[in-house]
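A short write-up of the structure that comes next.
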Amino acid sequence: MDKEQEFLYEKFKSTGQEKVKLSCALEGFFQEKEETSEEAKNAYSQYLKRRIRPAMEELIRQENICEMEQLAGMDWFGINELESFIRTARKEQKLESLVWLMKLKDSKYGYTDRDFTL
């Protein structure tokens, strides 16, 4: 682990500010895996798993589809959280994120909550 990753991990461990901690966790989690220690990877993963909602909301604001896709692949959230993420993308007017989230919902859960029978 080089100096930059060490500094990031120390900042993550020592800060009491949630925004800073979340930012450090996201940055550290998505860094090249070879550059991050096993201890740091586990700490970032555990933190993000517990804080998946603010983490995904931040990625929605950044419209970082690639990283949203990686977090979705971890299966750390279900349909209720996904609905919340869709509402956030609508509210923030993040079209690219909204489209991706709706495609994710369609592929994982489908749109079965409406009945169009006559």
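The values are calculated or read from the model by the stated rules, or taken from the named source; none is laboratory data. This is a predicted model, so every value here is computed, not measured. No Cβ is skipped: glycine too gets one built from the backbone with ideal geometry, and neighbour counts run over all protein chains shown. In case anyone asks, the SASA skips ligands and DNA or RNA and just uses the protein heavy atoms, side chains included. Shrake-Rupley method; radii C 1.70, N 1.55, O 1.52, S 1.80 Å.
The residue list Gly73, Gly16 contains one member that is open to solvent by less than 90 Å² (accessible area, probe 1.4 Å), farther than 30 Å from Lys108 by Cβ, without any contact (Cβ under 8 Å) to a residue 12 or more places away in the chain and not acidic (Asp, Glu), which is Gly16.
Residues in the stretch 49-67 that are closer than 17 Å to Gly28 by Cβ, touching a residue at least 24 places away in the same chain (Cβ under 8 Å) and of a type in the set (A, V, I, L, M, F, W, C): Ile52, Ala55, Met56, Leu59.
Checked against the criterion of being open to solvent by 20 Å² or more (accessible area, probe 1.4 Å), within 10 Å of the chain's Cα centre (by Cα) and among the β-branched types (Val, Ile, Thr), the candidates Ile60, Ile52, Ile79, Ile65 yield just one match: Ile65.
I'd like to know if the stretch 25-39 contains one or more residues that are more than 15 Å from the chain's Cα centre (by Cα) and not charged (D, E, K, R). Yes: one or more hits. Number of residues in the stretch 19-40 that are open to solvent by less than 50 Å² (accessible area, probe 1.4 Å) and either in a helix (DSSP H, G or I) or touching a residue at least 40 places away in the same chain (Cβ under 8 Å) (or both): the value is 10.
The lone criterion from (1) touching a Leu at 6+ places or on another chain (Cβ under 7 Å); (2) open to solvent by 90 Å² or more (accessible area, probe 1.4 Å) left unmet by Gln93 is number (1).
Out of Lys108, Lys41, which single residue is among the basic types (Lys, Arg), at pLDDT below 95 and over 24 Å from Glu18 (Cβ atoms)?
Lys108
Of all the residues in the stretch 30-62, those that are touching a Gly at 6+ places or on another chain (Cβ under 8 Å) and under 12 Å from Thr88 (Cα atoms) number 0.
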